[in-house]
Amino acid sequence: MIYNFTSMALRRALAAPFLVFFFGCATGLSPVPDTWSSLPRAKQFSVAEIRRTVADTSPLMRSAPDATDAAAVRIAGNAIYRGETPLTPAYLAIDSFDVSVERREVIFSAKRETSFDVGLVSLDGSQVNWVPEDPADEVAPQWAPRGHKASYIVRNRGGDLIRTVHIPTAFQLVVDFPFGVVRDLAWDDGGERFALAWESPDASPRIEVLRYGGEERRIAVAPSVQLDVEVTPFAGGLMLRPASLVYNERLPLVVWRTGGRLNEWSDARGALLRSGRIALLVVDAAAGDAVAQAIDRTSWIDRDRLFVVDPEGTAELAGAVVVRGDAGVRAGFYRRDARGIAVHPGSVESTAVGYIQEQLKVPHGG
């Protein structure tokens, strides 16, 4: 029995590579090479790390108020409740809220129509008062300790903003983060400074500390990856290219469709930009006529070396090699065709890095 069991196991082990090879050939699929799927990961920051960073800047210790009332506040059916008592009507959605026990007031972010706005309501129930609204989404409201200030994030296409509001007077201050996304924010115990983690297409997350009006701003923890690129708006997206160009230089271009925000950091895009002199255009929709026309008008783009990366598999660009998502492709495999390659949607970005790097090694015109 031992001999038979061992023989069967051996036959199965020997047959496995053949079956993978046969399956790939029979369906037109090939295994994704390991070199196409391994990516370095940039450092991320937790809220606890941000709080520790800002705590180092403040000698004050916050007195802990009775949190009974705060603990009773909750979201139910897209409305704010205190226990079983509704404090607000139901909205289309609620992003988040924060409670000031000292002020006995709740600040919250709710979607009333097309965007999220910041509102205020007392713990005892009252008419909702809205902070003067911005056409963009206003999210993640927080009370500052030891005062009457609150902060929230404005999600702008050109880069997020932090607004701080002195509630009794409605006086506002703004700090901007060009082409950036703010992830998390924490106030110091004195209510005069905050720390936040933010990222941008050219740099992975970092932590900055500043006064609430934007003064004394400094990087407390540097990004683990900083690209030497210039970031500019281009055809409705964001163009990343080397900070300096050689005279008459023409660069390969990768048009990269993202399902998220244009301003987010991407480990995959970062790895590709660090691997050689290329340009990368981040777009949030399929590459259309506006992109093609802008490319034709740009002298430093090499039109013979165009690539498209699209997890949704719908983007087209004449003459481009495409790496696209296709739910019909098994994870861990890819399929070649006349346009480029198709892979499972979940691995498009990591696969694109290795595949495009290989393509760019081919002699130009070869």
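The values are calculated or read from the model by the stated rules, or taken from the named source; none is laboratory data. Keep in mind it's a predicted model, so treat the numbers as computed, not measured. Ideal geometry is used to build each Cβ from the backbone, glycine not excepted, and the neighbour counts take in all protein chains shown. SASA here: full protein model, heavy atoms, side chains in, ligands and nucleic acids out. Shrake-Rupley method; radii C 1.70, N 1.55, O 1.52, S 1.80 Å.
Under a 1.4 angstrom probe, counting protein chains only, how are K43, K111, K149, K361 ranked by accessible area, largest first? Working shown, then result.
Working: K43 90, K111 65, K149 20, K361 160 Å².
Ranking K43, K111, K149, K361 by accessible area, largest first, yields K361, K43, K111, K149.
Calculated mean residue ellipticity at 222 nm for the chain: -6000 deg cm²/dmol, from DSSP H runs with n ≥ 4 weighted as -39500 (n - 2.57), summed, divided by the residue count and rounded to 500.
Each DSSP beta bridge with both residues in the chain is either parallel or antiparallel, and the antiparallel ones are about 80%.
FRET efficiency for S122 and D284, Cβ-Cβ distance as r, R0 = 41 Å, nearest 0.05? Mind dumping the intermediate values first?
Working: r = 39 Å, r/R0 = 0.96.
Taking R0 as 41 Å, the efficiency between S122 and D284 is 0.55.
The Rg/Rh ratio of the range 206-330, with Rg taken over Cα atoms and Rh as the Kirkwood radius over Cα pairs, comes to 1.03.
With each label modelled as a point 7 angstrom along the Cα→C-beta vector, the D267-S96 pair spans 2.3 nm.
Give me the percent of Cα-Cα pairs in the range 64-203 that sit more than 23 Å apart, rounded to a whole number. Could the numbers behind the result be given before it?
Working: 3261 of 9730 pairs.
Cα-Cα pairs in the range 64-203 separated by more than 23 Å: 34 percent.
For the range 208-281, the Kirkwood hydrodynamic radius comes to 14.3 Å, computed from all pairs of different C-alpha atoms.
Rg over Rh for the chain works out to 1.09, using Cα positions for both radii and the Kirkwood form for Rh.
Looking at the chain, do any whole DSSP H helices span at least 18 angstrom along their long axis by alpha carbon and average 1.6 or above on Kyte-Doolittle, and which?
Working: long enough: 2-27 (37 Å, 1.13); 348-361 (20 Å, -0.19).
Qualifying helices: none.
Inter-label distance, D304 to A79: 6.7 nm, where each label sits 7 Å from its Cα along the C-beta direction.
Treating the range 246-306 as a set of equal point scatterers at the Cα positions, no solvent, please give the Debye-formula log₁₀ I(q)/I(0) at q = 0.15 Å⁻¹. The Debye formula, applied to the Cα set alone, gives -0.49.
Each residue, S244 and T169, gets one label point 7 Å from its Cα in the Cβ direction; the gap between the two is 4.7 nm. Using the Cα coordinates of the range 161-263, the gyration tensor eigenvalues translate into equivalent-ellipsoid semi-axes of 33, 15, 12 Å, sorted from longest to shortest. Take every pair of alpha-carbon atoms less than 8 Å apart whose residues are at least six positions apart; their mean separation over the length of the range 186-244 yields a relative contact order of 24 percent.
Computed over every Cα-Cα pair of the range 294-366 and binned at 5 Å starting from 0, the pair-distance distribution P(r) comes out as 3, 16, 26, 24, 16, 10, 4, 1 percent.
Between E316 and T232, full extension at 0.36 nm per residue minus the direct alpha carbon distance yields a gain of 28.0 nm. Across the range 137-271, the mean sequence separation of Cα contacts (distance under 8 Å, 6 or more residues apart), normalised by length, yields a relative contact order of 17 percent.
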